[in-house]
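Below is one structure, written out as structure tokens, with a few remarks after it.
The values are calculated or read from the model by the stated rules, or taken from the named source; none is laboratory data. Not measured: the values here are computed from a predicted model. Here the Cβ is made from the backbone with ideal geometry for all residues, glycine too, and neighbour counts use every protein chain on show.
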Amino acid sequence: MNKKLSKILMVLLALTLVVAFVPACAEEEPVEEEETTTEETTEEVTVKAAMITDTAGLGDKSFNDLTWKGFEQAESELGVEVKVLESATINDYEPNLQELALAGYSPLVATGFLLTDTVSKICVEYPDTMFINIDGFFDPVPENVVGVGFKENEGSYLAGVVAGLATKDTFDSRLNDKNVIGFVGGMDVPLIRKFQAGFEAGAKSVNPDVQVVALYTGSWDDVAKGKELGLSLIDQGADVIYAAAGGCGEGTVRACQEKGALFIGVDADQYNTIANSGDVMLTSMMKNIDVVVFDLIQAMVDGDFPAGTMQVFGLKEGGVGLAPFHDFESKVPQSIKDAVDKASDDIISGAVTVPEAL
Amino acid sequence: MLSDIITPDLFAAALRMATPLALAAIGGTICERSGVVNIALEGIMLIGAFFGTATVLATGSPWLGVLVAVLAGVAISAVHAVASVNLRTDQVVSGTAINLLALGLTGFLMELWYGHPGTTQPIPTLQPVFGFGAMGDGFLGEVWRWINGVFLSHTPLVYAAIFIAIGTHWAMYHTKWGLRLRALGEHPRAVDTAGVSVARGRWVAVLMSGALGGLAGANLSIEQVGVFQEGFTNGRGFIALAANIFGRWTPIGSYLASLLFGFADALQIKLQPFRDVIDLPPEFFLMVPYVVTVVVLAGVIGRAVGPAQVGVPYEKG
């Protein structure tokens with residue numbers, strides 16, 4: 001009796017493990033089907049591009065989703081075979097990269113600076129595979145790697161100009177007279193400090209007395225913590241909050257809706273990606289990762305992949321920029337829009353240099 | 001500076017952040033008192049949060065969502081009960097399996113039902129119980145601002161957690177059920193000899209912990225953030241286990257321990273803006289909650305001794 005039962009339990013546990021890993025495998029099937037169909041129809045060797053997410057994974061409505069958007073575009077427009085592996089923890093980076101390299105995928109796009117060390121290590125083991133690391137910085141750049149950098153400080157500067165002017169303005173009833181704006185960061189790392197530095201510099205350039213309160217969640221996916229930080233900022237008088245904290249930002253949006261403050265999104269145009277956020281979403285600082293990823297995959301298809309280089313995209317290159325004001329389009333005064341245009345022109349012409357660190 | 005840190009919001013945030021920990025920790029307390037280790041709390045919270053959110057998405061009723069979250073917690077903990085009570089497997093293995101299952105199953109069902117990973121659509125949340133405004137100026141107005149901010153600004157489950165802590169504590173020390181529960185963990189043979197079923201007692205305890213874990217998940221999703229996000233419990237189930245030990249396996253102790261964790265977290269949020277004034281590396285502030293835990297565990301409470309037979313399957317002999 002007991003032996004029988006423990007056997008049943010073992011089967012159950014095995015099934016549990018199988019189900020637990022289903023999401024990772026779910027992506028595989030369509031790819032395999034495609035593989036067979038392409039073999040049947042054409043003999044041409046297609047590019048097989050794959051993506052490895054950081055721990056926030058797909059569905060973060062910003063960074064990872066944007067990269068994947070570039071992949072989807074490449075799949076439909078270039079006929080490239082695509083695949084994605086999500087990393088549940090940082091321990092998954094290495095096996096995920098190895099698995100895709102062994103399966104013959106190239107280029108491999110690793111999203112996030114947290115993957116930089118892993119890419120540096122794996123790229124030596126697979127010299128024939130091309131690697132792209134979004135937000136990765138390499139010096140020197142290995143010859144089969146492209147490091148993609150963005151001047152987030154430039155885009156954040158524009159967000160700062162909007163926030164610094166909005167907090168003094170009265171175009172919305174939720175704006176108070178305390179002259180305080182807030183910043184929510186994810187992990188306290190140089191990359192996010194770059195967002196904060198640009199934001200502060202932009203706000204102070206138009207409103208020297210503004211107080212910028214910056215808080216860090218220490219995580220990319222703790223939505224409850226993101227909300228708590230938002231509530232804390234609002235309690236301290238902040239009426240415009242800019243969040244560069246991955247999935248935590250959604251919590252900050254909810255705090256803004258509950259307690260009455262405006263929000264500036266990050267990476268994607270979060271008006272479209274965070275549902276029902278239009279009433280607080282002033283604008284977003286966009287990192288056009290999807291465009292860059294698509295361009296690099298196209299370069300791979302065309303055979304002019306810029307291997308062994310760092311590619312940096314700023315305001316000038318169209319790598320960063322502000323999203324439309326959407327629901328606030330008619331409320332935001334022309335003076336703020338003009339100030340944003342002027343700041344943008346000054347950065348592009350080089351008249352203004354945006355600091356990278358605080 | 002001190003007046004910027006010590007605000008009503010600091011204590012209100014502590015209560016809010018303590019609630020999911022406390023609910024799960026009390027569940028852990030009941031379960032471990034009966035002699036069953038429950039490291040599955042993290043997974044139970046996640047399952048509860050997911051099915052609760054799915055229910056609200058389908059029906060629009062937050063309270064129905066809370067109910068379903070509790071039922072889902074009970075259902076998944078039944079798996080743990082079968083494995084650890086009837087089949088006498090290693091309870092840590094069974095708990096780990098549930099944690100993995102919860103992470104995979106919720107992610108899988110999100111794809112299946114909503115067609116995308118990550119975060120669900122927002123849902124209507126449970127609103128604060130009271131909605132008192134400011135009252136006057138001067139000293140009395142200030143006193144009212146504190147009372148209103150700290151104690152009267154909360155959502156239903158925050159208060160429920162306090163009542164559950166007091167209620168289960170009382171029941172554990174003043175009812176027949178409580179006496180038997182404690183005996184189950186210390187000396188199940190004695191309970192068996194007295195003619196009371198060990199298996200049944202442990203089943204009830206595991207299911208109760210599932211209900212509380214589900215409620216903790218409902219607090220996170222239906223009360224706090226109004227969405228379900230994959231893996232958004234972020235280790236709270238494990239911190240709850242620590243709170244249970246730190247509260248010396250008593251419900252009120254678990255609640256107070258959770259409150260301390262919540263307070264430490266709220267305090268670090270309030271301290272962060274003073275990074276430039278207090279000349280310390282930024283990591284220090286994020287470290288505060290964990291340092292408090294270590295200091296308290298090592299220095300203040302002394303040796304914590306759990307139920308003698310916790311984790312040991314009972315074999316009727």
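Within the stretch A:317-356, track down each residue that is in a loop (DSSP other than H, G, I, E, B), closer than 13 Å to residue A:151 by Cβ, in contact (Cβ under 8 Å) with a residue 40 or more places away in the chain and not acidic (Asp, Glu).
From the stretch A:317-356, those in a loop (DSSP other than H, G, I, E, B) are A:317-319, A:323-325, A:329-333, A:350-356; that's our starting set.
So of that shortlist, the ones also closer than 13 Å to residue A:151 by Cβ come out as A:317-319, A:350, A:352-356.
Checking which are in contact (Cβ under 8 Å) with a residue 40 or more places away in the chain leaves us with A:319, A:352, A:354-356.
Passing the criteria: A:319, A:352, A:354, A:355.
Within the stretch A:236-279, take every residue that is touching a residue at least 60 places away in the same chain (Cβ under 8 Å) and part of a loop (DSSP other than H, G, I, E, B) and give me the one that is surrounded by the fewest Cβ atoms within 10 Å (Cβ to Cβ).
Filtering the stretch A:236-279 for residues that are touching a residue at least 60 places away in the same chain (Cβ under 8 Å) and part of a loop (DSSP other than H, G, I, E, B), the one surrounded by the fewest Cβ atoms within 10 Å (Cβ to Cβ) comes out as A:260.
Among the candidates B:78, B:58, single out the residue that is away from chain A (no Cβ under 14 Å), among the small types (Gly, Ala, Ser) and surrounded by fewer than 24 Cβ atoms within 10 Å (Cβ to Cβ). Give the derivation first.
Working: B:78 fails: away from chain A (no Cβ under 14 Å).
After applying the criteria, what remains is B:58.
Against the definition (of a type in the set (S, T, N, Q), touching a strand residue (DSSP E or B) at 6+ places or on another chain (Cβ under 8 Å) and modelled with pLDDT of 90 or more), how does residue B:229 come out, yes or no?
When the stated conditions are applied, residue B:229 passes them.
Answer yes or no: is there a residue in the stretch B:79-101 that is under 22 Å from the mean Cα position of the chain (by Cα), over 30 Å from residue A:65 (Cβ atoms) and in a loop (DSSP other than H, G, I, E, B).
No: the stretch B:79-101 contains no residue that is under 22 Å from the mean Cα position of the chain (by Cα), over 30 Å from residue A:65 (Cβ atoms) and in a loop (DSSP other than H, G, I, E, B).
Which of the residues spanning the stretch B:237-258 are part of a helix (DSSP H, G or I), over 10 Å from the mean Cα position of the chain (by Cα) and either acidic (Asp, Glu) or buried (at least 24 other Cβ atoms within 10 Å of the Cβ) (or both)? Full working, then the answer.
As a first pass, look at the stretch B:237-258 and keep what is part of a helix (DSSP H, G or I): B:237-246, B:251-258.
Subset that is over 10 Å from the mean Cα position of the chain (by Cα): B:242, B:245-246, B:251-253, B:256-257.
Correct list: B:251, B:257.
Taking the stated definitions as given, is residue B:39 away from chain A (no Cβ under 13 Å) and at pLDDT below 95?
Numbers: away from chain A (no Cβ under 13 Å): yes; at pLDDT below 95: yes.
So residue B:39 fits the description; yes.
Quick one: in the stretch A:87-118, which of the residues that are modelled with pLDDT under 90 and outside any helix (DSSP H, G or I) is nearest to the chain's Cα centre (by Cα)?
Filtering first and then ranking leaves A:112.
If the requirement is being assigned to a helix (DSSP H, G or I) and not polar (S, T, N, Q), which of these qualifies: B:72, B:134?
Being assigned to a helix (DSSP H, G or I) and not polar (S, T, N, Q) holds for just one of B:72, B:134, which is B:72.
Condition (residue is more than 12 Å from chain A (Cβ to nearest Cβ), crowded, with 19+ Cβ neighbours inside 10 Å and touching a residue at least 12 places away in the same chain (Cβ under 8 Å)) applied to the stretch B:266-276: is it met by at least one residue?
no
Part of a helix (DSSP H, G or I) and either among the charged types (D, E, K, R) or surrounded by fewer than 23 Cβ atoms within 10 Å (Cβ to Cβ) (or both): does that describe residue B:281?
Answer is no for this residue.
If I go through the stretch B:81-106 residue by residue, how many of them are among the hydrophobic types (A, V, I, L, M, F, W, C), touching a residue at least 40 places away in the same chain (Cβ under 8 Å) and surrounded by fewer than 21 Cβ atoms within 10 Å (Cβ to Cβ)?
The qualifying residues number 2.
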